[in-house]
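The values are calculated or read from the model by the stated rules, or taken from the named source; none is laboratory data. All of these numbers come straight from a predicted model, not from anything done at the bench. Heads up: the accessible areas ignore ligands, DNA and RNA and are worked out on the full protein's heavy atoms, side chains in. Shrake-Rupley method; radii C 1.70, N 1.55, O 1.52, S 1.80 Å.
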Amino acid sequence: MGKIKRMILSMVLVLAMMLSAIGTNLAPLTALAADPAGSSQAVLISVAGETIAPGGGDGQQNNPITASVNVLQTQITADDVVASSAAAVGLYSDSNFSANQNTISLHAGENDVYIKVVSQDETNVKHYRVTVYLTAIQQSFASAYNVTLDISKDGQPFDGHGKSFTLRQNGEIKGTGSSTGGTVTFAVYDGTYNIFDGSDDTGETVAVSGTAAKTLNYYTVEFKAEDAGASNGSAIIAKYNDSFIASGAVVLGGKTLVITAEGRGLSPSDVLEAGYSYKWSGDGANNQTTDTLTISRPPDLIRKTAPIFGNKSEGCKRAAQPFF
């Protein structure tokens, strides 16, 4: 081979080696250049395999971005949430985004699920409210558990109670009761629920694991004042669970009942008189001599006659009778 040809071949080999070396170094440089674009992204991409189409909201906690999806499954897990590359996601069941959860159970119909997305560099945070629809047909794939509430009044089934009971978690309705006589039934999933009577929290809970049953005992409270001697216009003031009640009120058992007797009438110019003495008797009383009787969280509220006697010197007295 001539000298010129050998030089050309050498130059070609050197050039090939240089290109090979350059090509080897280009790959990592290209990969590094593509990554930073996603580091500040906080975008929710999909939930349970359904692509998110953002609606209203600006992503702030008090104005989350809204979206909706239809699903076939009966729960949403953290693994079902897909967001921007390397972003952190949180799954919540309440609009305050207060308790991060791994799993949220779904009931038939609409379910609001709250999701927070934090970008990789933590410079961007977006809040989402996703309405997840589980239809009745889809619900049939689940095993909704049966909860029974037995409602009683004065020891008997409380037929025709006219109350609207719901089961709630974090203030959100998870089950609405269906009433038949004194029995109310719900279809909900495992968990612990607060029992609401209309918009009022009864303070009672029910824990569901498979099935659950609970009895709510309501009682009628009746009372009246009977004047004796020179007393006139004496009265009884009653409060149950820190709320004033009138005679004939129907209340849920297990709270605190406070009955106050007010002696009146000795002096026309005075509405309330000092100096009366009292003696309480009957169920829930034990000959107390104060003007106020407190029964703290009775297992069953008193339903029998409980006479209350009050008197003042000079033969002035009155009697008040509450019936429970």
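Here are the numbers for the structure shown:
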item: Long-range amide H partners of residue 165 with built H, under 5 Å; result: 177, 198
item: Accessible-area composition of segment 95-216, carbon plus sulfur, in percent [1.4 Å probe]; result: 43 percent
item: Per residue accessible area in Å² of segment 167-212, where ligands, DNA and RNA are left out and the probe is 1.4 Å; result: 47 Å²
item: Amide proton proximity set for residue 84, modelled H, under 5 Å, gap of 5+; result: 43, 45
item: Pairwise centroid distance, computed over Cα atoms, of segment 107-121 with segment 142-201, Å; result: 27 Å
item: Residue pairs, from the table 126/174; 153/174; 174/239; 174/255; 153/255, whose Cα atoms sit over 23 Å apart; result: 126/174; 153/174; 174/239; 174/255
item: 1.4 Å probe accessible area per residue over segment 41-107, in Å²; result: 50 Å²
